[in-house]
1. Criterion first (surrounded by 10 or more Cβ atoms within 10 Å (Cβ to Cβ), more than 25 Å from residue 109 (Cβ to Cβ), modelled with pLDDT of 90 or more and of a type in the set (A, V, I, L, M)) does residue 64 satisfy it?
2. Which of the residues spanning the range 86-110 are surrounded by 10 or more Cβ atoms within 10 Å (Cβ to Cβ), at pLDDT below 95 and among the acidic types (Asp, Glu)?
3. Quick one: would you say residue 139 is assigned to a loop (DSSP other than H, G, I, E, B) and touching a helix residue (DSSP H, G or I) at 6+ places or on another chain (Cβ under 7 Å)?
4. Please state which of the following conditions residue 124 fails to meet, knowing it meets all the rest: (1) open to solvent by 60 Å² or more (accessible area, probe 1.4 Å); (2) in a helix (DSSP H, G or I).
5. Restricting attention to the range 49-71, report how many residues are assigned to a strand (DSSP E or B), within 15 Å of residue 32 (Cα to Cα) and not β-branched (Val, Ile, Thr).
6. Which of the following residues is modelled with pLDDT of 95 or more and part of a loop (DSSP other than H, G, I, E, B): 37, 41?
7. For the range 39-56, state whether one or more residues are aliphatic (A, V, I, L, M), farther than 15 Å from residue 120 by Cα and touching a Pro at 6+ places or on another chain (Cβ under 9 Å).
Amino acid sequence: MASPSNDVGASSSHTSPPAPAVVTATGNILLPRVTIQFCTQCKWLLRAAYYAQELLSTFSNSLAEVSLQPSLGGIFRVELITATTITIDAFSTPNTFETTTTTRLWDRKSDGGFPETKELKRRVRDVIQPGRSLGHVDRTYPRAEAGAEGSGGGESGAGAVEDGKTKGAGEACTTAGATGTAGGEKCEDCE
């Protein structure tokens, strides 16, 4: 196997790595296997290790292996290799073949940037355990209304509407024309 060039006068720009060696189904590889290929020039080792740790924590008994592959050229890819068994009935004699399938879960260049951890977990789950719930990762949260933009729990602008209540900036809720709650206090949404 050839080693990368260590020329002192080599260009510092990112170059594409040589094609990786092909691993056959008869090789000594544990499946399913997640491979995280990351650029060492871009210093993405820590990011790759974080994703590996998150996937191993979530899919500890479902993934056989998570590997980190150093690369060059600004590459950040996450791939999943799974085993597939094919049975062919030919002339009343069943023949069983085992093959591998590689699924690209994320590519920084084509998917745009890096995945959110929950999105990467969803994509792994969809391939290896489609019926599995990921708990809080699967929950959908309601999107903010047009006038209720902002971070944290604060409201920006006047007139944010939520559950039939109108809130102005720093005001108590107005429900059916009455300000605040029955005792004149702010409701829990305003606090």
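1. yes
2. 98
3. Numbers: assigned to a loop (DSSP other than H, G, I, E, B): yes; touching a helix residue (DSSP H, G or I) at 6+ places or on another chain (Cβ under 7 Å): no.
Taking the combined requirement at face value, the residue does not satisfy it.
4. All conditions are met except number (1).
5. 3
6. Going through 37, 41 in turn, the sole match is 41.
7. Taking the range 39-56 as the starting set, the residues that turn out to be aliphatic (A, V, I, L, M) are 45-46, 48-49, 52, 55-56.
In the following step, the residues that additionally are farther than 15 Å from residue 120 by Cα were identified as 45-46.
Next, from what is left, pick out any that are touching a Pro at 6+ places or on another chain (Cβ under 9 Å): 45.
There is at least one residue in the range 39-56 that is aliphatic (A, V, I, L, M), farther than 15 Å from residue 120 by Cα and touching a Pro at 6+ places or on another chain (Cβ under 9 Å).
To keep it simple, each residue is scored yes or no on (1) farther than 21 Å from residue 29 by Cβ; (2) without any contact (Cβ under 8 Å) to a residue 60 or more places away in the chain.
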| site | (1), (2) |
| --- | --- |
| 52 | no, yes |
| 62 | no, no |
| 69 | no, yes |
| 85 | no, yes |
| 88 | yes, yes |
| 103 | no, yes |
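The values are calculated or read from the model by the stated rules, or taken from the named source; none is laboratory data. Values in this document were obtained by computation on a predicted structure and should not be read as measured data. Cβ atoms come from the backbone with ideal geometry, glycine included; neighbour counts cover every protein chain shown. The area values use the complete protein model at the heavy-atom level, side chains included, leaving out ligands, DNA and RNA. Shrake-Rupley method; radii C 1.70, N 1.55, O 1.52, S 1.80 Å.
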